[in-house]
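Trainee: Here it is, the structure, as structure tokens.
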Amino acid sequence: MVTLITNGIKITVETAFEGTYFKNQVTQYAFSYHITIENHSKDQVQLLARHWDIYDALYPRESVDGEGVVGKKPILKSGETYTYSSGCLLYAPHGSMSGYFTMINFTTTKMFNVTVPAFYLNAEYALN
């Protein structure tokens, strides 16, 4: 588990290896990640977008941008928490992800980025 606080928003990430899949004679490794977003600021905020940098040990970095998370743009009042789960497929049993969420502060009407700390995706059986 990794945790980081940016501008009063705490991000916690937990990961799990979900299994190996074979598709078109290619092995892929499935990982899930569970993210908890906690609003420790005094203001109400909304998550608008996400940016991910995905590192696969066998391929160059891939960047992914999109609106919200898992089809939602959660609003968090001060003290509230939002948790969601998602996942990714890698071609190697090792990799990592990092990124940020773009949010808006409803009090100041300013947008800001919240860093998602780098987290590792590792198939346990492949670790030394």
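The values are calculated or read from the model by the stated rules, or taken from the named source; none is laboratory data. Bear in mind that the values here come from a model prediction, so they are computed numbers and not experimental data. Every residue, glycine among them, receives a Cβ derived from its backbone with ideal geometry; neighbour counts consider all protein chains shown.
Trainee: Any idea how many residues of region 1-30 are in contact with a Lys or Arg (Cβ under 8 Å, 6 or more places away or on another chain) and of a type outside the set (A, V, I, L, M)?
Mentor: Pass one, region 1-30, residues in contact with a Lys or Arg (Cβ under 8 Å, 6 or more places away or on another chain): 3-4, 8.
Restricting the remaining residues to those that are of a type outside the set (A, V, I, L, M) gives 3, 8.
Of the residues in that region, 2 qualify.
Trainee: Just the residues that are touching a residue at least 12 places away in the same chain (Cβ under 8 Å), more than 16 Å from the chain's Cα centre (by Cα) and either part of a strand (DSSP E or B) or crowded, with 16+ Cβ neighbours inside 10 Å (or both), please, taken from region 48-60.
Mentor: Of region 48-60, the ones touching a residue at least 12 places away in the same chain (Cβ under 8 Å) are 48-59.
Narrowing the set further to residues that are more than 16 Å from the chain's Cα centre (by Cα) leaves 57-59.
Residue satisfying the conditions is Y59 alone.
Trainee: Being surrounded by 14 or more Cβ atoms within 10 Å (Cβ to Cβ) and of a type outside the set (G, A, S) is the filter here; which residues of region 19-32 pass it? Walk me through it before giving the result.
Mentor: Narrowing region 19-32 to residues surrounded by 14 or more Cβ atoms within 10 Å (Cβ to Cβ): 28-32.
Listed by number, the residues that qualify are Q28, Y29, F31.
Trainee: So V116 fits all but one of (1) outside any strand (DSSP E or B); (2) touching a residue at least 24 places away in the same chain (Cβ under 8 Å); what number is the exception?
Mentor: If we test V116 against (1) outside any strand (DSSP E or B); (2) touching a residue at least 24 places away in the same chain (Cβ under 8 Å), just (1) comes out false.
Trainee: Taking V70 and the conditions (1) at negative phi; (2) modelled with pLDDT of 95 or more, which numbered condition does it fall short on, given that it satisfies the others?
Mentor: Of the numbered conditions (1) at negative phi; (2) modelled with pLDDT of 95 or more, the odd one out for V70 is (1).
Trainee: Among the residues of region 61-76, write down those that are touching a residue at least 12 places away in the same chain (Cβ under 8 Å) and surrounded by 12 or more Cβ atoms within 10 Å (Cβ to Cβ). Give the steps one after another, and end with the answer.
Mentor: Going residue by residue through region 61-76, those that are touching a residue at least 12 places away in the same chain (Cβ under 8 Å) are 63-70, 72-76.
Those that are touching a residue at least 12 places away in the same chain (Cβ under 8 Å) and surrounded by 12 or more Cβ atoms within 10 Å (Cβ to Cβ): V64, E67, G68, V69, K73, P74, I75, L76.
Trainee: Also: I'd like to know if region 93-100 contains one or more residues that are in a loop (DSSP other than H, G, I, E, B) and hydroxyl-bearing (S, T, Y).
Mentor: Taking region 93-100 first, the residues in a loop (DSSP other than H, G, I, E, B) are 93.
Restricting the remaining residues to those that are hydroxyl-bearing (S, T, Y) gives none.
Taking every residue of region 93-100 in turn, none turns out to be in a loop (DSSP other than H, G, I, E, B) and hydroxyl-bearing (S, T, Y).
Trainee: Report yes if H94 is out of contact with any Gly (no Cβ under 7 Å at 6 or more places or on another chain) and surrounded by 13 or more Cβ atoms within 10 Å (Cβ to Cβ), otherwise no.
Mentor: Details: out of contact with any Gly (no Cβ under 7 Å at 6 or more places or on another chain): yes; surrounded by 13 or more Cβ atoms within 10 Å (Cβ to Cβ): yes.
Answer is yes for this residue.
Trainee: Residues that are closer than 14 Å to Y100 by Cβ: which strands (runs of 3 or more DSSP E) entirely in region 1-47 hold 3 or more of them? First the steps, then the outcome.
Mentor: On the way: elements: 2-6, 9-23, 26-39.
Here the list reads 2-6, 9-23.
Trainee: Quickly run through region 97-117 and pick out the residues that are surrounded by fewer than 15 Cβ atoms within 10 Å (Cβ to Cβ) and of a type in the set (V, I, T).
Mentor: T107, T108, T109
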